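The values are calculated or read from the model by the stated rules, or taken from the named source; none is laboratory data. Just so it is clear, the model here is predicted, and its values are computed rather than measured. Methodologically, a virtual Cβ is constructed for each residue, glycine included, from the backbone with ideal geometry; neighbour enumeration extends over all protein chains shown.
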Amino acid sequence: MAFLGTPTKTAEIINRYHFTFRKKFGQNFLVDANMLDKIIASAQLTKDDCVLEIGPGIGTMTQYLAEQAGHVVVVEIDTDLIPILEDTLSDYDNVNIINNDILKVDLNALVEEYNQGRPIKVVANLPYYITTPIIMGLLEKHVPVESITIMVQKEVAERMQVGPGTKDYGALSLAVQYYARPEVVVTVPPECFMPRPNVASAVIRLSLYQTPPVVANHPAKMFQIIRASFNQRRKTLANGLSNDPSLFLNREQVTKALNNMGLSETIRGEALTLEQFARLSDLLFTVE
Ligand code: SAM
């Protein structure tokens, strides 16, 4: 099967199969060979790797992955794309096609089945409507993953990289930076896709840490605090945390912890670093 990463080739496949793009599935297919080369190079694949591709579309990037990695597992929600993938990937015996919603797949079980539980690499041009749940799912469910190389909205890539004091800083920034080292590889203009999206995109690579860069005695509690802080962004931390019914904290406890850390009672969550959130959660929650 010929290489698909051009507008002409992609249009040919679309027409041959009478495929209709579904906006609700975030279908914007890559049609730029240069960009595909850059993404694949940044994923740093070897024949020892097992790759998970989320949303393969018509299999354009999958062909590159199958050439470079030992094994590729793709998960595609759109049933209409399955016969197309079976055709475009028919030359490769190292690809498994799964027709399912990625958010319903037990990824720990998938890694066990296809890579005996050893860390996989995730490479994807993500459907933008579910970028955050996909990333949070991979990180928070502790799926064995070595790196995640993904195309996302440019603005989301920025959110993953920023620190305190910026408007984009939030729960996603902190979760990503606790689990991984983020690095934007390249920004991608709408012309690289068919159909063209309304927003600019970026490829970001997350290299997962073996040990997190900060120590929190109870990471789940720390993330509960982080979520509560950013749910009530305009409130002070003392108000936000003591108002959150899931935390069972009173204002006095929060104020005392903040004082202990040398922080003002009127500080907002968006001013705290990851390290400070870890310390705050250790002060507020004694570990059982
Ligand atoms: N990888 C292809 C490419 O780069 O040309 C397609 C990328 S397109 C941005 C996103 C793909 O994800 C589409 O094929 C879409 O059908 C698929 N998709 C959308 N929601 C999904 C979900 N919940 N689970 C699995 N795949 C999904």
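Among the conditions (1) of a type outside the set (Gly, Ala, Ser); (2) modelled with pLDDT under 95; (3) in contact with a helix residue (DSSP H, G or I) (Cβ under 8 Å, 6 or more places away or on another chain), the only one that THR236 does not satisfy is (3). If you go through the range 97-126 and keep only what is crowded, with 16+ Cβ neighbours inside 10 Å and either among the polar types (S, T, N, Q) or touching a Lys or Arg at 6+ places or on another chain (Cβ under 9 Å) (or both), you end up with LEU107, VAL111, ASN115, ASN125. In the range 23-41 there is no residue that is farther than 23 Å from THR131 by Cα, buried (at least 18 other Cβ atoms within 10 Å of the Cβ) and out of contact with any helix residue (DSSP H, G or I) (no Cβ under 8 Å at 6 or more places or on another chain).
In this structure, is THR46 at pLDDT 95 or above, over 19 Å from THR149 (Cα atoms) and not aromatic (Phe, Trp, Tyr)? Break it down into steps so the answer makes sense when it comes.
Details: at pLDDT 95 or above: yes; over 19 Å from THR149 (Cα atoms): no; not aromatic (Phe, Trp, Tyr): yes.
So THR46 does not fit the description; no.
When you look at ASN115, is it within 15 Å of the ligand (Cβ to nearest atom), in contact (Cβ under 8 Å) with a residue 24 or more places away in the chain and over 17 Å from ILE150 (Cβ atoms), yes or no? Lay out the reasoning, then the answer.
On the way: within 15 Å of the ligand (Cβ to nearest atom): no; in contact (Cβ under 8 Å) with a residue 24 or more places away in the chain: yes; over 17 Å from ILE150 (Cβ atoms): yes.
No: the conditions fail for ASN115.
Tell me whether the range 175-185 contains one or more residues that are over 12 Å from the mean Cα position of the chain (by Cα) and among the hydrophobic types (A, V, I, L, M, F, W, C). So far as the range 175-185 goes, yes, one or more of its residues are over 12 Å from the mean Cα position of the chain (by Cα) and among the hydrophobic types (A, V, I, L, M, F, W, C). Per this entry, LEU81 is not counted among residues that are of a type in the set (A, V, I, L, M, F, W, C), more than 7 Å from the ligand (Cβ to nearest atom), at pLDDT 95 or above and not in a loop (DSSP other than H, G, I, E, B). For the range 163-199, the set of residues classified as under 18 Å from LEU274 (Cβ atoms) and surrounded by fewer than 17 Cβ atoms within 10 Å (Cβ to Cβ) consists of GLY163, PRO164, GLY165, THR166, LYS167, ASP168, ARG181, GLU183, listed by residue number.
Only one of the numbered conditions (1) in contact (Cβ under 8 Å) with a residue 60 or more places away in the chain; (2) out of contact with any Asp or Glu (no Cβ under 7 Å at 6 or more places or on another chain); (3) within 10 Å of the ligand (Cβ to nearest atom) is violated by GLY55, and that is (2). For the range 96-112, a residue qualifies if it is in contact (Cβ under 8 Å) with a residue 40 or more places away in the chain and out of contact with any strand residue (DSSP E or B) (no Cβ under 7 Å at 6 or more places or on another chain), and exactly one does: LEU107.
Mind listing whichever residues of the range 172-194 are outside any strand (DSSP E or B) and closer than 19 Å to ARG227 by Cα? Correct list: LEU172, SER173, LEU174, ALA175, VAL176, GLN177, TYR178, TYR179. Among (1) crowded, with 18+ Cβ neighbours inside 10 Å; (2) more than 12 Å from the ligand (Cβ to nearest atom); (3) hydroxyl-bearing (Ser, Thr, Tyr), which single condition is THR60 missing? Among (1) crowded, with 18+ Cβ neighbours inside 10 Å; (2) more than 12 Å from the ligand (Cβ to nearest atom); (3) hydroxyl-bearing (Ser, Thr, Tyr), THR60 violates only (2).
Filtering the range 181-195 to residues that are aromatic (Phe, Trp, Tyr) and free of Cβ contacts under 8 Å to residues at least 12 places away in the same chain leaves nothing. Among all positions in the range 24-40, there is at least one residue which is more than 11 Å from the ligand (Cβ to nearest atom), out of contact with any His (no Cβ under 7 Å at 6 or more places or on another chain) and within 25 Å of GLY117 (Cα to Cα). Here LEU126 passes the criteria (1) of a type outside the set (Gly, Ala, Ser); (2) over 27 Å from LEU4 (Cβ atoms); (3) within 13 Å of the ligand (Cβ to nearest atom) except the one numbered (2).
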